[in-house]
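Quick note: the coordinates plus some simple rules give every number you see, no bench work behind them. The shown structure was predicted, so the numbers you read here are calculated from the model rather than taken from an experiment. Cβ placement follows ideal geometry from the backbone for every residue including glycine, while neighbour counts extend to all protein chains displayed.
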Amino acid sequence: MTDIARRRIGRVIFVALVLGALASLVALVRPVWVGEETARIVLWQEGVKNESVVVDGNRIHYFEAIPRTQTHDAPVLLIHGLGGRAEDWTAFLPALAAQGYHVYAPDLLGYGISAQPVDATFSIPEEEDMIAKFMQSRGIAQADVVGWSMGGWITLKLAMDHPQSVRRVVLIDSAGIYFHPGMPLEIFAPNTEDEMSELFHYLEPGDRTLPYFVRRDALRHLKARAWVVNRSVSSMLRGQDLLDFRLGDLRQPVLIEWGTNDRLIPVDTGHRMHALIPQSQYVEFPGCGHLVPVECSAQALPPIEDFLAGK
């Protein structure tokens with residue numbers, strides 16, 4: 001090997017070491033950003049499109065998974081929860097597309113990288129209206145709608161107010177009826193690392209703790225959107241949009257999924273929803289907490305696929 005070849009190899013190794021060190025530093029300083037970018041790369045590799053559309057003057061970001069062979073007439077619409085984003089459906093988008101579904105996952109108004117209009121309330125009715133208009137903008141006459149947590153509440157209201165637009169309903173650890181919260185509601189917009197850890201305690205089924213650098217970056221990330229979350233929570237707390245006495249009006253087939261270890265919205269809420277919706281099916285996942293679509297997707301997806309297929 002010549003001296004020139006050795007020097008070239010040395011330079012390549014040096015550059016690789018520098019890039020590796022920089023990547024490690026970024027992962028330590030901005031782990032939330034790294035997680036989001038990793039999800040986007042995974043979706044891109046799966047052929048999922050990263051798109052946006054203007055709805056009522058507001059830019060709405062969404063992911064779109066187009067199946068190689070579309071075998072179902074109704075597309076699937078995935079609606080995330082409070083403080084969430086479209087990337088929360090990273091496991092669902094390619095999996096449902098592989099089953100022949102055309103799948104959409106929007107960022108709700110104020111969330112993810114969708115617009116954050118300063119005069120918005122980010123209430124359930126406002127988000128429902130945005131979803132209905134998003135469907136119109138994409139030419140979606142009717143969809144199967146999957147809602148998680150606050151997204152389940154939006155899904156239920158959409159199915160009641162626009163029954164012709166919703167074919168089937170899937171609810172995952174859903175809000176929408178009254179339950180007694182076991183946590184201080186201000187933790188949804190934490191201001192300290194202790195409050196961040198407390199929020200994580202309610203989201204996770206076990207007693208795992210977040211590493212310090214993740215807590216620090218997650219807190220920074222959540223603080224930037226705290227005003228949106230606070231407006232959403234304030235609207236929900238008024239109770240005027242609760243659906244306890246309307247669930248019996250649903251006519252669509254409904255699948256309810258719940259993590260048995262959900263500390264945020266307790267499992268008895270799922271039992272009551274099931275009792276209030278006579279045509280509903282109910283599935284529980286032992287050991288899963290509130291983050292079913294993220295942490296228990298392998299258990300959650302097969303019942304959804306069967307339900308959407310009418311099995």
Tally the DSSP beta bridges in the chain and give the antiparallel ones as a percent, rounded to 5. 35
Distance between Cα centroids, the stretch 64-116 to the stretch 266-311: provide it in whole Å. 18
Proxy reagent accessibility, fewest Cβ within 10 Å first, across 160, 130: 160, 130
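Could you tell me which of rounded, prolate or oblate describes the stretch 26-130, using a ≥ b ≥ c as the square roots of the eigenvalues of the alpha-carbon gyration tensor, with rounded for a/c under 1.5 and, failing that, prolate when a/b is larger than b/c and oblate otherwise?
Oblate is the answer for the stretch 26-130, as a/c is 1.5 or above yet b/c matches or exceeds a/b.
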Scan the stretch 143-250 for GluC sites (Glu not before Pro) in coil per DSSP, keeping those whose Cβ has at most 15 other Cβ atoms within 10 Å, and list them by number. none
Positive dipole terminus of the stretch 46-308, leading residue within 101, 302, 292 (C-beta point charges): 101
Tell me the label-point distance for the pair residue 275, residue 119, using the 7 Å Cα-to-Cβ offset, in nm and rounded to one decimal. 4.5
Kindly put 225, 238 in sequence by how many other C-beta atoms sit within 10 Å of each C-beta, fewest to most. 238, 225
Residue 98 versus residue 69, label points 7 Å from Cα toward the beta carbon: distance in nm? 1.6
List the lysines whose Cα lies under 21 Å from the Cα of residue 133, skipping any in the same chain that are fewer than 8 positions away. 49, 157
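Shape call for the chain from the C-alpha gyration tensor, a ≥ b ≥ c root eigenvalues: rounded (a/c under 1.5), prolate (a/b greater than b/c) or oblate? Let's see the in-between values first.
Numbers: a/c = 1.83, a/b = 1.47, b/c = 1.24.
Prolate is the answer for the chain, as a/c is 1.5 or above and a/b outweighs b/c.
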Placed amide H near residue 285: partners under 5 Å, 5+ positions off or other chain: 258, 259, 260
Given the rule -39500 (n - 2.57) for each run of at least 4 DSSP H residues, summed and divided by the residues of the chain, what is its mean residue ellipticity at 222 nm, to the nearest 500 deg cm²/dmol? -14000 deg cm²/dmol
Exposure proxy ranking, count of Cβ atoms within 10 Å, fewest first, for 154, 113, 79: 113, 79, 154
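Would you mind calculating the gained length between residue 226 and residue 56 on full extension (0.36 nm times residue separation, minus the Cα-Cα distance), in nm to one decimal? Walk me through the numbers before you get to the answer.
Working: separation 170, 0.36 × 170 = 61.20 nm, distance 2.33 nm.
Between residue 226 and residue 56, full extension yields an extra 58.9 nm.
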Over 29 Å [Cα-Cα, the stretch 160-311], rounded percent: 24
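Sort the stretch 210-274 into rounded, prolate or oblate with this rule: let a ≥ b ≥ c be the square roots of the eigenvalues of the Cα gyration tensor; rounded if a/c is under 1.5, and if a/c is not under 1.5, prolate when a/b is larger than b/c, oblate otherwise.
oblate
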